[in-house]
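Here the structure comes first, spelled out in structure tokens, and everything after it is commentary.
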Amino acid sequence: MSTAASEGGGGWVSTVTIAEAAAWLSRCRRVVVTTHMKPDGDAAGSAVGLVRALAAKGIAARAWFAGPLPGWLAWFAGETGFGAWERDGAPADEPDGVVVVDTGSWTQLEAQAPWLRGRGGKTLVIDHHRRGDADVGERRVIETAKAAACQPVAALCAALLGVEASRLPVGVAQALYLGLATDTGWFRHSNVSPEVMRLAASLLEAGADAEALYRNIEQQNTAARFRLMARALASLELAGGGRVGVISLTAKDFKEAGASADESGGFIDLPQTIGSVEVSVLLTEGEPEAGAAGGGGIEGGGVGGGVVTKVSLRSKTDAVDVDLVARTMGGGGHKRAAGAKVRAGLAEARTRVLAALGVS
């Protein structure tokens with residue numbers, strides 16, 4: 001159950017520097033910033049942080065999100081506000097520039113794709129994932145070694161405003177801190193580095209309120225979430241001699257628990273608390289009817305109609321590259337965190353995942 005790392009190719013590389021991206025944005029008068037569907041903390045933090053930095057520069061900018069949207073997004077965005085593709089449609093005014101953050105994959109931009117296509121010449125992509133579609137944006141800042149997209153976004157905000165990260169406006173710092181914290185598991189994951197902690201310290205120095213972010217985003221559980229968690233735990237299966245932990249959720253589980261899609265956030269980490277488990281798998285049947293969802297940042301891939309199962313993968317160590325596993329199902333992500341969507345029911349999806357992992 002070992003795989004070799006492989007970085008993306010096919011033109012998925014930077015085409016501009018941070019300085020060049022900042023200079024280009026500075027010439028824009030109106031900018032739209034968007035990200036992958038079902039935005040997570042890094043996606044929302046990067047988008048809102050950049051919008052606030054552009055506003056501080058005197059540039060009219062607005063974030064546009066595609067749902068389902070997390071319940072905390074309205075609180076987080078505050079007076080900055082945002083557009084929603086499903087609610088508001090496409091931006092009414094034609095922008096001079098478009099920025100796509102935390103993704104560059106058409107499969108994660110389904111709601112925005114009809115509007116984005118044809119605007120690649122004035123689109124900047126800022127991403128840290130290992131694969132994407134080069135035609136999403138002509139200008140690209142791709143930094144796959146970064147823990148979160150908000151790291152290059154922080155550098156871009158600092159370049160735009162001509163300040164160090166520790167001197168960013170407090171609203172910008174607050175937004176970027178969320179992305180950094182959530183994509184590192186609140187500084188628990190293997191992607192935590194000295195660089196990550198230095199940026200976190202700078203954002204705190206700029207005025208980011210870490211406690212308020214954690215309280216308003218991570219400490220908002222509902223009884224429905226706990227009912228759903230009980231069902232997830234009851235479904236736990238161990239495979240490969242205990243090295244793979246699989247949990248599954250059906251549409252019926254969500255309905256009977258009275259839970260929305262976002263209330264399964266973090267469940268993928270549950271099997272990893274078992275000592276023998278090296279890879280955890282969360283299989284989610286279909287897309288439950290819901291008004292919120294979190295943690296879409298790493299999900300990749302996509303299929304057509306029919307029964308669809310969402311596959312989420314996490315690896316404890318570098319011994320298993322789950323990005324490569326996800327790629328066999330049309331998805332992708334990071335070495336230790338990836339996902340896909342497969343046209344199959346739960347049972348077949350489980351079989352395909354275990355086969356890709358080389359276990360039974």
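The values are calculated or read from the model by the stated rules, or taken from the named source; none is laboratory data. On a predicted model such as this, the values are computed, not experimentally measured, just so you know. Note that each Cβ is placed from the backbone with ideal geometry, even for glycine, and that neighbours are counted across all protein chains shown.
Kindly check whether there is at least one residue in the stretch 191-206 that is in the same structural domain as VAL31 (by TED's automatic domain parsing), at pLDDT below 95 and surrounded by fewer than 20 Cβ atoms within 10 Å (Cβ to Cβ).
Yes, the stretch 191-206 contains at least one residue that is in the same structural domain as VAL31 (by TED's automatic domain parsing), at pLDDT below 95 and surrounded by fewer than 20 Cβ atoms within 10 Å (Cβ to Cβ).
How many residues, within the stretch 136-185, are in a loop (DSSP other than H, G, I, E, B) and over 23 Å from VAL16 (Cα atoms)?
Qualifying residue count, the stretch 136-185: 3.
Please tell me if ARG87 is at pLDDT 95 or above, more than 17 Å from the chain's Cα centre (by Cα) and within 24 Å of ARG117 (Cβ to Cβ).
No, not satisfied.
Consider the stretch 44-70. How many of its residues are touching an Asp or Glu at 6+ places or on another chain (Cβ under 6 Å) and farther than 21 Å from ALA159 by Cβ?
2
Where residues in the stretch 61-84 are more than 16 Å from the chain's Cα centre (by Cα) and not hydrophobic (A, V, I, L, M, F, W, C), which of them is surrounded by the fewest Cβ atoms within 10 Å (Cβ to Cβ)?
The extreme case among them is GLU79.
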